[in-house]
Amino acid sequence: MLGFFLLTIASFIIATDIDAATGINQQISFQGKVVNANGTNVANGSYTFVFSLYTVSSGGSNIWTESKSVTVTDGIFQTNLGDTTTLPGSVDFNTDNIYLGINFNADGEMSPRVRFTAAPYAFNAKKVGGLTV
């Protein structure tokens, strides 16, 4: 009887499915600080931001854009790019030339644009099963 009980427990453990992660969150966390022309923090509140991705450091046409209201506290804001307008859209992240343009409160796009750099996922994705892709 004890052998049957142990066999039943073993078959339950073996039959239990273990699921892998469903994938990565396809949004990009971004934070920054906005200040007035005199260097003081903008007033706390919600402001309209327009985030745009480009393949050039200046000029050109955006390849993705997202407009949203973001809360700013003591000049600091945090948002997830792609939570309003899905990424990647027409963005090819398989390049080292992606730049983020930011327009704060309809005041015109800030300069210079922010160049994207590698994230830990990218270093991992460069290898599949220990092999260089």
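The values are calculated or read from the model by the stated rules, or taken from the named source; none is laboratory data. Since this is a predicted model, take the numbers as computed values, not measurements. Please note: Cβ atoms are built from the backbone with ideal geometry, for glycine as well, and neighbour counts cover all protein chains shown.
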**Request:** Scan segment 46-62 residue by residue and report those that are in contact with a Phe, Trp or Tyr (Cβ under 8 Å, 6 or more places away or on another chain) and surrounded by 16 or more Cβ atoms within 10 Å (Cβ to Cβ).
**Result:** Tyr47, Phe49, Phe51, Ser52, Leu53, Tyr54, Asn62
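Quick grid of which residues meet (1) surrounded by 16 or more Cβ atoms within 10 Å (Cβ to Cβ); (2) assigned to a strand (DSSP E or B):
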position: Gly39; (1), (2): no, no
position: Thr71; (1), (2): no, yes
position: Gln78; (1), (2): no, yes
position: Ile102; (1), (2): yes, yes
**Item:** Given (1) under 14 Å from Asn62 (Cα atoms); (2) at pLDDT below 80, number of the condition Gly129 does not satisfy
**Value:** (1)
